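The values are calculated or read from the model by the stated rules, or taken from the named source; none is laboratory data. Values in this document were obtained by computation on a predicted structure and should not be read as measured data. Cβ: placed from backbone, ideal geometry, glycine included. Neighbour counts: every protein chain shown.
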Amino acid sequence: MVKHLIFIVVFLCTLIPVSAQDTITKAITVSKKYVDVINSTASDLNRKLDRKTQKVLRQFKKSESKLKAKLSATDSTAAAGLFAGTEQQYKELEQRLNGSGNMYIAEIDSLTISLKFLQANPGFLQEAGEVKAKLQEVTKKLEALKSGFANAEAIKQFLRQRRDYLKDHLSKFGFAKEFKKLNKQVYYYSAQLSEYKAALKDPKKASKKALELLAKNKSFREFWRKNSQLASLFRLPGEPGDPGSQTNLAGLQTRAQVNGLIQQQLSAGGPNAQAQFQQNLQTAQSQLNQLKDKVIKMGGGNSDVEMPDGFRPQSQKTKSFFQRIELGTNIQSVRSKGILPTTSDLAISAGYKLNDKSIIGLGASYKLGWGKNIQNIRISHQGVGARSYVDWKLKGSFWISGGFEMNYRTEFRNIAELKDYSAWQQSGLIGLQKKFPVKSKLFRQSGISLLWDFMSYQQVPRTQAVLIRFGYGIK
């Protein structure tokens, strides 16, 4: 949320009177990396948005075809009438999408204006010769992205209307399973669009720094005031930056006239009118806050995404493959009779989130030897291991953990010794894990696991049956 405020700060800066100190601005130069970051982000989101849109339309049409076929088997007349004109509606949708869609997205507006400003003022670029030719191309990609989001919004509304239409006319036929599938398709498409927009709200370091620098410059703020989409929404008639400032807006009230009318009404209301007016404003504000709270509870803070009935959505479904990868590390020590542990198992792992409740993963471990005690410290290679695991969420922060491991538990001096497969031992683990949130730049959570190795009784010599491991999730 803090990162998102930078885009609003830039606009607000245009509304604040410029001090005398601001007239002497420092030389600001923007790196070529800033343009490259915007270019890669816009290209990536354009590609993902186009692919996702085509996929959801194809899936929804396929679901409608199945519904029509199923209804035709029982009532062909009803099916013919209900689905008449379906193809025509999809064709009309495609025609609407071919037009130039437009919607306001704060992040795209900020990036677009910054690029246009750099085009008009190449002196602010560190590598002007290399970047100047690329600025127009990247600006077009941002415009295409904004148009893509507008088209996606139109498709989302179309899918909702089709879903509601089918639900109203087919509910009496008992197609509950089919409607649940339609609900999922519409919901996950809306959620995916929100994910794409969130990617714009979390700018990379180079992008964030460049915008912060530009926001401090008087010339950029003036350029923003005159050219940004956001500024045009709040521009008052008669302002210097208003293209239509000289146009006679006949029939429209000025701000002064509106203020005068309000004062006149308050004066006519008597001595208590001002207090009553303030009370009404407070009541309205309270009702708006209540409505906002309801929206947050129902939609997870995003009123744009409807929560359909009949299923629990999985947040991982809208994540990319790499966003679903969970990196981790854990430590396990076996104590000797002295102060120091005899060995410590240091492990790294990579898990893939199948859904919000289950994770599968692989890992590797290294067994570090410390010696017998503090008087006899000797660092040695005491073994290595390969791991696989499955975590399933039980309740709250408690997880059930299970896994299979292969461990080489003998001291070795070189890699060639590990080729003796007869020295490797198997372990089958099952147990309970408790996870804790952590406020750290490196780790996102910590955890402790209590595991039972039910294959330890088969090992010669017998290995430890109960294991305690401390783990950390890496950001």
(request) Could you check Val35 against (1) of a type outside the set (Lys, Arg); (2) surrounded by 17 or more Cβ atoms within 10 Å (Cβ to Cβ); (3) at pLDDT 90 or above and say which number it fails? (result) (3)
(message) It is to be established whether one or more residues within the stretch 143-153 are assigned by TED's automatic domain parsing to the domain that holds Leu213, over 30 Å from Phe179 (Cα atoms) and aliphatic (A, V, I, L, M).
(response) yes
(message) Based on this model, can you work out whether Leu159 counts as among the hydrophobic types (A, V, I, L, M, F, W, C), surrounded by 15 or more Cβ atoms within 10 Å (Cβ to Cβ) and farther than 30 Å from Ser65 by Cβ?
(response) no
(request) From the list Gly371, Gly351, pick out the single residue that is in the same structural domain as Val334 (by TED's automatic domain parsing), part of a strand (DSSP E or B) and under 17 Å from Gln332 (Cα atoms). (result) Gly371
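Taking only the stretch 112-136 into account, find how many residues are assigned to a loop (DSSP other than H, G, I, E, B) and either within 20 Å of Phe149 (Cβ to Cβ) or of a type in the set (Asp, Glu) (or both). It would help to see each step written out before you state the result.
Just the residues of the stretch 112-136 that are assigned to a loop (DSSP other than H, G, I, E, B), to begin with: 121, 126-127.
Next, only the ones that are either within 20 Å of Phe149 (Cβ to Cβ) or of a type in the set (Asp, Glu) (or both) stay: 127.
Adding up the residues that qualify gives 1.
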(request) Look through the stretch 464-475, keep the residues that are buried (at least 16 other Cβ atoms within 10 Å of the Cβ) and touching an Asp or Glu at 6+ places or on another chain (Cβ under 7 Å), and return whichever of them is farthest from Met406 (Cα to Cα). (result) Gly473
(message) Take the residues in the stretch 75-111 that are in a helix (DSSP H, G or I), more than 18 Å from Lys61 (Cβ to Cβ) and among the aliphatic types (A, V, I, L, M); name whichever of them is modelled with the lowest pLDDT.
(response) Ala106
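Can you say whether Glu411 is surrounded by fewer than 19 Cβ atoms within 10 Å (Cβ to Cβ), without any contact (Cβ under 8 Å) to a residue 12 or more places away in the chain and either within 22 Å of Pro461 (Cβ to Cβ) or in the same structural domain as Gln464 (by TED's automatic domain parsing) (or both), as far as the supplied structure shows? So that I can check it myself, show each step before the final result.
Working: surrounded by fewer than 19 Cβ atoms within 10 Å (Cβ to Cβ): yes; without any contact (Cβ under 8 Å) to a residue 12 or more places away in the chain: no; either within 22 Å of Pro461 (Cβ to Cβ) or in the same structural domain as Gln464 (by TED's automatic domain parsing) (or both): yes.
No: the conditions fail for Glu411.
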(message) Criterion first (surrounded by fewer than 13 Cβ atoms within 10 Å (Cβ to Cβ), in contact (Cβ under 8 Å) with a residue 40 or more places away in the chain and in a helix (DSSP H, G or I)) does Glu178 satisfy it?
(response) no
(request) Could you figure out which of (1) surrounded by 15 or more Cβ atoms within 10 Å (Cβ to Cβ); (2) closer than 24 Å to Val460 by Cα; (3) within 41 Å of the chain's Cα centre (by Cα) isn't true of Ala364? (result) (1)
(request) Can you tell me which residue within the stretch 192-218, out of those that are among the small types (Gly, Ala, Ser) and surrounded by fewer than 20 Cβ atoms within 10 Å (Cβ to Cβ), is farthest from Phe321 (Cα to Cα)? (result) Ala206
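For every residue, the table says whether it meets (1) loosely packed, with under 13 Cβ neighbours inside 10 Å; (2) under 22 Å from Ala210 (Cα atoms); (3) not hydroxyl-bearing (Ser, Thr, Tyr); (4) not assigned by TED's automatic domain parsing to the domain that holds Lys209.
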{"position": "Thr86", "(1), (2), (3), (4)": "no, no, no, no"}
{"position": "Tyr90", "(1), (2), (3), (4)": "no, no, no, no"}
{"position": "Glu94", "(1), (2), (3), (4)": "yes, no, yes, no"}
{"position": "Leu97", "(1), (2), (3), (4)": "no, no, yes, no"}
{"position": "Ile105", "(1), (2), (3), (4)": "no, yes, yes, no"}
{"position": "Leu118", "(1), (2), (3), (4)": "no, yes, yes, no"}
{"position": "Gly123", "(1), (2), (3), (4)": "yes, yes, yes, no"}
{"position": "Glu127", "(1), (2), (3), (4)": "no, yes, yes, no"}
{"position": "Glu130", "(1), (2), (3), (4)": "yes, yes, yes, no"}
